[in-house]
Ligand SMILES: Nc1ncnc2c1ncn2[C@@H]1O[C@H](COP(=O)(O)OP(=O)(O)OP(=O)(O)O)[C@@H](O)[C@H]1O
Ligand SMILES: [Mg+2]
């Protein structure tokens, strides 16, 4: 079965989607079959993959083709709209330019299921008519990844503490917390420290609840573990973060090491320490620390390829400007490779 990695931070704009796309692509370059799942009703990941202009005409917006679901909302519709049919795999387009990477397109209408799922999760099985909802997301992801022989699923989430995110996080196998080096991310660590243990306690109770366990789509007994945190978009000076950014990075590291990880340890959301050691990193430090992509981010979005696969022609630069961009690009590539290697070692360790 595929290993599901969710990218979560209720704070917006901290590079969840950018990390999902670039890391997912890199994992596929290492030979893993990877499915990107766009669970954000903003559909930024879908736009990034299919092209922002093509989004409005994208086939996936239609919902179904020959009766088969083309996006996540349509995939969930049998459960949420009490249709007599069973949930089936979503038809996922292959991501252009990478033959081991697929996308489960998002849909703005996923937001409409948020309230119903919230009620189903609050009542945790006492309302029998809603019993199929809490297990339906993971069921759909598993069903779809089985159809494509997927090894690793990357779930991109919206910036919220809503029911869909609670569900996705607690039914994933691993989670990554993306952050930016700023004041708001240090605040976010504090709220995540209080929220995640509550979600875990809820999920433990839900998976032990007989109504949810015996549902058509049983709520799975999962124990999501912290894969690591990502710090994106710092401004480097002479190859290292400038002083102002380093101050924020230090604060993030302090918050993670002294508040966040101890809370996760208490509720069993950390992997055993030998898994991190064998994967070659310390979870108190970022699994990936990435400088600002500067002008390359715009080119990456324009051409729908990750930063590290932009060609010289796509960068539209020449001479020394191009040489300097390519040097940065190589650096970005190395950093994503290291993060992908660490991820693969953990995935292989827990999947074995
Ligand atoms: N390393 C980086 N360098 C430069 N720009 C970046 C970098 N990482 C992300 N960005 C930019 O920052 C913005 C926010 O990134 P992104 O959309 O990935 O965040 P997000 O957490 O998914 O946001 P949301 O919470 O809205 O889903 C985007 O415009 C993205 O292009
Ligand atoms: Mg996003």
**Prompt:** Which residues, counting only those in the stretch 113-136, are within 24 Å of residue 13 (Cα to Cα) and either in contact with a strand residue (DSSP E or B) (Cβ under 7 Å, 6 or more places away or on another chain) or buried (at least 21 other Cβ atoms within 10 Å of the Cβ) (or both)?
**Reply:** 113
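Quick one: would you say residue 215 is outside any helix (DSSP H, G or I) and crowded, with 21+ Cβ neighbours inside 10 Å? Let's see the steps before the verdict.
On the way: outside any helix (DSSP H, G or I): yes; crowded, with 21+ Cβ neighbours inside 10 Å: yes.
Criteria met by residue 215.
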**Complete:** Flagged in the stretch 147-169 as out of contact with any helix residue (DSSP H, G or I) (no Cβ under 8 Å at 6 or more places or on another chain) and within 16 Å of ligand 2 (Cβ to nearest atom), in numbering order, are 160, 165
**Request:** Being free of Cβ contacts under 8 Å to residues at least 60 places away in the same chain and in a loop (DSSP other than H, G, I, E, B) narrows it down to one of 223, 207, 158, so name that one.
**Result:** 223
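Would you please name the residue that is nearest to residue 85 (Cα to Cα), looking only at residues in the stretch 230-260 that are more than 16 Å from ligand 2 (Cβ to nearest atom), touching a helix residue (DSSP H, G or I) at 6+ places or on another chain (Cβ under 9 Å) and not in a helix (DSSP H, G or I)?
The first filter runs over the stretch 230-260 and keeps only residues more than 16 Å from ligand 2 (Cβ to nearest atom), leaving 231, 234-260.
Checking the rest, the ones that are also touching a helix residue (DSSP H, G or I) at 6+ places or on another chain (Cβ under 9 Å) come to 231, 234-237, 239-241, 248, 251-252, 254-256, 259-260.
When the remaining residues are screened for being not in a helix (DSSP H, G or I), the result is 231, 234-237, 239-241.
Working: 231: 43, 234: 48, 235: 51, 236: 54, 237: 57, 239: 56, 240: 55, 241: 54 Å.
So, considering only residues that are more than 16 Å from ligand 2 (Cβ to nearest atom), touching a helix residue (DSSP H, G or I) at 6+ places or on another chain (Cβ under 9 Å) and not in a helix (DSSP H, G or I), the one nearest to residue 85 (Cα to Cα) is 231.
Based on what the data block shows, is residue 293 within 16 Å of ligand 2 (Cβ to nearest atom) and either touching a strand residue (DSSP E or B) at 6+ places or on another chain (Cβ under 9 Å) or outside any helix (DSSP H, G or I) (or both)? Reasoning before the result, please.
Numbers: within 16 Å of ligand 2 (Cβ to nearest atom): yes; either touching a strand residue (DSSP E or B) at 6+ places or on another chain (Cβ under 9 Å) or outside any helix (DSSP H, G or I) (or both): yes.
Judged against the criteria, residue 293 is a match.
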**Prompt:** Scanning for something in contact (Cβ under 8 Å) with a residue 60 or more places away in the chain, more than 21 Å from the chain's Cα centre (by Cα) and more than 21 Å from residue 27 (Cα to Cα), does the stretch 97-114 turn up at least one residue?
**Reply:** no
**Asked** What tally of residues in the stretch 170-184 results from selecting those that are in contact with a helix residue (DSSP H, G or I) (Cβ under 6 Å, 6 or more places away or on another chain) and assigned to a helix (DSSP H, G or I)?
**Response** 1
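Please pick out the residue among 48, 26 that is surrounded by 21 or more Cβ atoms within 10 Å (Cβ to Cβ), more than 16 Å from ligand 2 (Cβ to nearest atom), in a helix (DSSP H, G or I) and modelled with pLDDT of 90 or more.
Numbers: 48 fails: more than 16 Å from ligand 2 (Cβ to nearest atom).
One residue alone meets the criteria, 26.
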**Fill in**
Within the stretch 171-190, residues being within 17 Å of the chain's Cα centre (by Cα) and away from ligand 2 (no atom under 16 Å from the Cβ) number 4
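The values are calculated or read from the model by the stated rules, or taken from the named source; none is laboratory data. Here the structure is a predicted model, which is why all the values come from computation and not from measurement. Cβ coordinates were reconstructed from backbone atoms using ideal geometry, including for glycine residues, and neighbour counts include every protein chain displayed.
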